[in-house]
Amino acid sequence: MVKRAACLTAAFLLAMAVHAQSGYSQPAADEYAGVETCAGCHEELVAGWKTTRHAKAFATLQKKHQETLGHCLKCHVTGFEKEGGFMDGELTPHLAGVQCEVCHGAAAAHAANPDSKKGLVARPGEDTCRECHTKGQDPKFDFHNKKLLVHGAAKKGGK
């Protein structure tokens with residue numbers, strides 16, 4: 001727990017230093033924080049998520065040697081082709097996998113100021129899932145059943 005807190009603090013301080021150098025005093029609302037930053041306040045949800053296929057989505061691509069294919073990356077990582085999002089496994093490994101921010105929105109500003117919920121989505125709808133779980137790609141996708149599993153064992157009932 002202490003090690004995690006130290007890592008989160010270091011990551012946050014690094015992000016703030018980058019922002020300070022570029023003239024920003026706070027992260028923009030559309031910047032990604034990464035799942036470990038989310039874990040600082042949402043530990044139980046992140047622990048549950050880590051048991052899901054979403055958490056392992058990038059590793060799935062790596063096993064098939066598809067981790068550089070853009071048409072695959074867009075649904076296996078966080079923020080691909082978006083400002084501050086996943087670039088590759090070496091530069092942005094903290095955004096590998098289908099993390100919180102894919103569904104709930106970029107959260108760096110929220111992490112810097114937890115009272116700010118601007119741009120966040122508390123309960124994403126089926127349209128969010130359907131960006132990747134298309135009828136062609138995942139014809140048997142059942143939103144109502146799958147939303148119960150998205151947070152893993154930590155959260156039953158899709159809440």
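Computed from the coordinates by the stated procedures, all read-outs in this text should not be read as laboratory data. Quantities reported herein were computed from a predicted structural model and do not represent experimental measurements. Note: ideal-geometry Cβ built from the backbone for every residue, glycine included; neighbour counts use all protein chains shown.
Brief remarks follow.
- Surrounding net charge for residue 105, when Lys and Arg each add one and Asp and Glu each subtract one, Cβ distance under 15 Å: -2
- Taking the number of Cβ atoms within 10 Å of each Cβ as an exposure proxy, the fewest-first ranking of 102, 46 is 46, 102.
- The residues neighbouring residue 59, those whose beta-carbon lies less than 11 Å from its own, together hold a net charge of +3 under the Lys/Arg +1, Asp/Glu -1 convention.
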